[in-house]
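Asker: Sharing a structure with you now.
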Amino acid sequence: MSDSAPLSPAGDRHFDGLADKFAGSLYGGPRGELRLALLDELLPRMLELDGQPLLDVGGGLGQLSAWFARRGHRVTLLEPAGDMLAQARQELAGLPVSFVQAPLQALPERAAGRWPLIACHAVLEWLSDPKAAFATLAENLAPGGQLSLMVFNRDALRFSNVVKGNLQKALEDRLEGTGKRQRLTPISPLCHEQIVAWSRESGLAIRSVAGIRVFHDYLRQPPSSEADWQRLVELERRYCQVDPHWRLGRYLLYTLVHETRSPEETPR
Ligand SMILES: C[S@@+](CC[C@H](N)C(=O)[O-])C[C@H]1O[C@@H](n2cnc3c(N)ncnc32)[C@H](O)[C@@H]1O
């Protein structure tokens with residue numbers, strides 16, 4: 001991918017040419033291990049799962065799709081970047097997953113229907129118009145359907161910049177990436193208040209929320225032994241849904257539910 005034209009026509013950061021870098025930096029090390037360990041514990045707790053079909057929007061290399069497929073869900077993985085999709089196809093061979101090469105904006109045509117379960121993890125922050133994308137996700141949920149949404153937390157990004165000494169950058173609130181190079185700083189980091197407002201506007205209720213990596217990314221030194229690593233994992237588990245810690249998780253993980261009105265509540 002050339003550095004001069006890395007964004008899609010819609011201004012989104014598709015991950016074409018980034019499959020290896022993404023695999024290494026987001027999933028390869030302890031950060032990825034911790035994220036997957038926390039999801040493994042949180043998803044069954046935060047979602048009502050009964051094997052319903054899942055649409056995984058911006059599914060990347062397919063780690064989340066694999067998690068659901070191994071638990072008996074038929075999965076449709078939607079992803080615009082061809083090389084991410086090719087790698088996901090290889091990794092997920094033999095699992096009940098179908099693959100659609102398309103962006104979220106094409107969801108109404110390419111994965112039509114009202115879905116009982118949609119996952120969209122770590123995608124909205126790579127879009128130029130995350131609010132419109134959120135509305136599209138909400139519109140494609142069935143009544144009573146659940147959206148598992150994970151977003152990169154702007155407040156956590158500010159905090160980590162200050163901890164690292166990037167004070168001027170934090171003061172000027174220059175937190176987002178430009179998407180112009182092979183950097184993995186999101187172009188649209190989001191805050192909790194935006195998710196609260198967009199949910200209200202789209203008729204979604206926030207059923208639960210958690211912070212993913214509420215301590216790890218602020219450590220002065222990485223854990224120096226396996227025993228310390230296990231202590232850190234236990235702390236992350238214990239406080240990921242506890243006030244005020246979840247608020248500064250590197251990612252915020254939500255379960256959003258499409259509200260259904262009973263006939264008596266329906267306005268005439
Ligand atoms: C950080 S990765 C997350 C992948 C996966 N959901 C996960 O949690 O591992 C972001 C993904 O969003 C995809 N993406 C970018 N723009 C998109 C769009 N408009 N619609 C759907 N996916 C998009 C990228 O190509 C990339 O695979």
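Asker: Looking at Ile212, Ile206, can you tell me which residue is in contact with a strand residue (DSSP E or B) (Cβ under 9 Å, 6 or more places away or on another chain) and closer than 26 Å to Asp16 by Cβ?
Answerer: Numbers: Ile206 fails: closer than 26 Å to Asp16 by Cβ.
Of Ile212, Ile206, the one residue that is in contact with a strand residue (DSSP E or B) (Cβ under 9 Å, 6 or more places away or on another chain) and closer than 26 Å to Asp16 by Cβ is Ile212.
Asker: Hey, can you tell me all the residues within region 128-172 that are within 14 Å of the ligand (Cβ to nearest atom), closer than 19 Å to Trp246 by Cα and β-branched (Val, Ile, Thr)?
Answerer: Result: Val151, single match.
Asker: Select from region 33-75 the residues that are in a loop (DSSP other than H, G, I, E, B), aliphatic (A, V, I, L, M) and more than 9 Å from the ligand (Cβ to nearest atom) and write down the one among them that is farthest from Gln241 (Cα to Cα). Outline the logic, then answer.
Answerer: Restricting attention to region 33-75, the residues satisfying the condition of being in a loop (DSSP other than H, G, I, E, B) are 47-53, 58-62, 71-74.
Restricting the remaining residues to those that are aliphatic (A, V, I, L, M) gives 47, 49, 61.
Next, from what is left, pick out any that are more than 9 Å from the ligand (Cβ to nearest atom): 47, 49.
Details: Leu47: 14, Leu49: 20 Å.
Once the filter is applied, the top-ranked residue is Leu49.
Yes/no matrix, rows are residues, columns are (1) aliphatic (A, V, I, L, M); (2) farther than 17 Å from Glu176 by Cβ; (3) surrounded by 21 or more Cβ atoms within 10 Å (Cβ to Cβ):
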| site | (1), (2), (3) |
| --- | --- |
| Pro96 | no, yes, no |
| Phe99 | no, yes, no |
| Leu104 | yes, yes, yes |
| Glu109 | no, yes, no |
| Cys120 | no, yes, yes |
| Val123 | yes, no, yes |
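Asker: State which residue is farthest from the chain's Cα centre (by Cα) when the search covers only region 85-127 and only residues that are more than 12 Å from the ligand (Cβ to nearest atom) and of a type in the set (D, E, K, R).
Answerer: Checked region 85-127; the qualifying residue farthest from the chain's Cα centre (by Cα) is Glu109.
Asker: Could I ask something else about it? Mind listing whichever residues of region 209-222 are in contact (Cβ under 8 Å) with a residue 60 or more places away in the chain and surrounded by 15 or more Cβ atoms within 10 Å (Cβ to Cβ)?
Answerer: The answer is Ala210, Ile212, Arg213, His216, Asp217.
Asker: Could you tell me whether region 233-241 includes any residue that is touching a Lys or Arg at 6+ places or on another chain (Cβ under 8 Å), surrounded by 15 or more Cβ atoms within 10 Å (Cβ to Cβ) and either without any contact (Cβ under 8 Å) to a residue 24 or more places away in the chain or under 30 Å from Arg114 (Cβ atoms) (or both)?
Answerer: For region 233-241, residues touching a Lys or Arg at 6+ places or on another chain (Cβ under 8 Å), surrounded by 15 or more Cβ atoms within 10 Å (Cβ to Cβ) and either without any contact (Cβ under 8 Å) to a residue 24 or more places away in the chain or under 30 Å from Arg114 (Cβ atoms) (or both): absent.
Asker: Further, regarding this structure: Quick check: anything in region 137-149 part of a loop (DSSP other than H, G, I, E, B), among the small types (Gly, Ala, Ser) and at pLDDT 95 or above?
Answerer: Step one: list which residues in region 137-149 are part of a loop (DSSP other than H, G, I, E, B), which gives 140.
Add one more test, that the residue is among the small types (Gly, Ala, Ser), and what stays is none.
So far as region 137-149 goes, no, none of its residues is part of a loop (DSSP other than H, G, I, E, B), among the small types (Gly, Ala, Ser) and at pLDDT 95 or above.
Asker: Between residues in region 9-25 that are farther than 15 Å from Leu85 by Cα and residues that are of a type in the set (Ser, Thr, Tyr) and near the ligand (Cβ under 6 Å from one of its atoms), which pairs lie under 8 Å by C-beta distance while being six or more apart or on different chains?
Answerer: That search, which allows pairs on different chains as well, returns nothing.
Asker: Take the residues in region 242-258 that are in contact with a strand residue (DSSP E or B) (Cβ under 8 Å, 6 or more places away or on another chain) and without any contact (Cβ under 8 Å) to a residue 60 or more places away in the chain; name whichever of them is farthest from Leu47 (Cα to Cα).
Answerer: Step one: filter region 242-258 for residues in contact with a strand residue (DSSP E or B) (Cβ under 8 Å, 6 or more places away or on another chain), giving 245-258.
Then drop every residue that is not without any contact (Cβ under 8 Å) to a residue 60 or more places away in the chain, which leaves 245-246.
On the way: His245: 21, Trp246: 18 Å.
So the residue we want is His245.
Asker: May I pose another question? Please determine, by comparing only the residues of region 166-208 that are within 16 Å of Ala132 (Cα to Cα) and small (Gly, Ala, Ser), which one is surrounded by the fewest Cβ atoms within 10 Å (Cβ to Cβ).
Answerer: Out of the qualifying residues, it is Ala197.
Asker: Testing Asn161 on (1) in contact with a Pro (Cβ under 9 Å, 6 or more places away or on another chain); (2) farther than 21 Å from Leu77 by Cα, one condition comes back false. Which one is that?
Answerer: Status for Asn161: all satisfied but (1).
Asker: So in region 150-185, with the set limited to residues that are outside any helix (DSSP H, G or I) and small (Gly, Ala, Ser), which one is farthest from Glu48 (Cα to Cα)?
Answerer: The qualifying residue farthest from Glu48 (Cα to Cα) is Gly165.
The values are calculated or read from the model by the stated rules, or taken from the named source; none is laboratory data. The structure displayed is predicted, hence computed values, not measured ones. Neighbour counts are summed over all protein chains in view; Cβ atoms, including those assigned to glycine, are modelled from backbone coordinates with ideal geometry.
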